[in-house]
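Undergrad: Okay, handing you the structure first.
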Amino acid sequence: MTDPGKQRHVEIKDGEETVAAAEVTTSQKSGGTVHASLHAQPGHIAPGSRASLVDAVMDLPEVQASEHLQATVPLGDTESLQRLRERTNDTATRPAGSTALVDANIPPVGEPESGQEPGETSSP
């Protein structure tokens with residue numbers, strides 16, 4: 001029997017307007033694979049909005065309980081891709097049409113994320 005997973009919708013807003021959103025599906029079992037599709041509103045949005053979306057996805061308890069991430073990000077969304085690299089380990093990215101496919105490992109809670117020194121936190 002297949003694992004239907006748990007689905008979540010995450011949004012980043014600027015005032016009343018949604019500027020970035022993600023659909024996230026996690027395995028019912030701890031240590032599984034997370035599937036995420038990240039999207040930002042076309043055109044200019046406030047710097048940091050895309051990174052905030054990645055942080056919101058990565059900070060979900062069910063994502064933290066998972067071991068692997070498979071994500072789709074619009075090709076050219078360097079802010080989201082960079083933040084995903086910072087928040088994951090062994091990150092591989094490849095183009096697929098108008099999107100970038102990201103495969104990565106999610107660091108265990110309490111382990112430094114990629115690009116961090118031990119004892120350094122990801123929040124200012």
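Undergrad: Quickly work out the His44-to-Ser98 label distance, labels modelled 7 Å from Cα along the C-beta direction, and quote it in nm with one decimal.
TA: It works out to 2.2 nm between the two label points.
Undergrad: Turning to a different aspect of this structure: In whole Å, largest first, what are the principal axis extents of the Cα atoms in the stretch 1-110?
TA: Extents along the principal axes: 41, 31, 30 Å.
Undergrad: Quick one: which of 86-99, 15-28 comes out on top by average Cβ neighbours within 10 Å, and what's the full order, highest first? Mind showing how you got there, number by number?
TA: On the way: 86-99: 13.9, 15-28: 16.2.
Most protected by this proxy first, the peptides run 15-28, 86-99.
Undergrad: I would also like to ask the following. Within a 10 angstrom radius of the beta carbon, how do His9, His39 rank from fewest other beta carbons to most? Spell out each step's value before the answer.
TA: Details: His9 8, His39 18.
The most exposed by this proxy come first: His9, His39.
Taken together, the values in this text are just the output of simple stated rules run on the coordinates, not laboratory data. All values reported here derive from a predicted model rather than from experimental measurement. Every residue, glycine among them, receives a Cβ derived from its backbone with ideal geometry; neighbour counts consider all protein chains shown.
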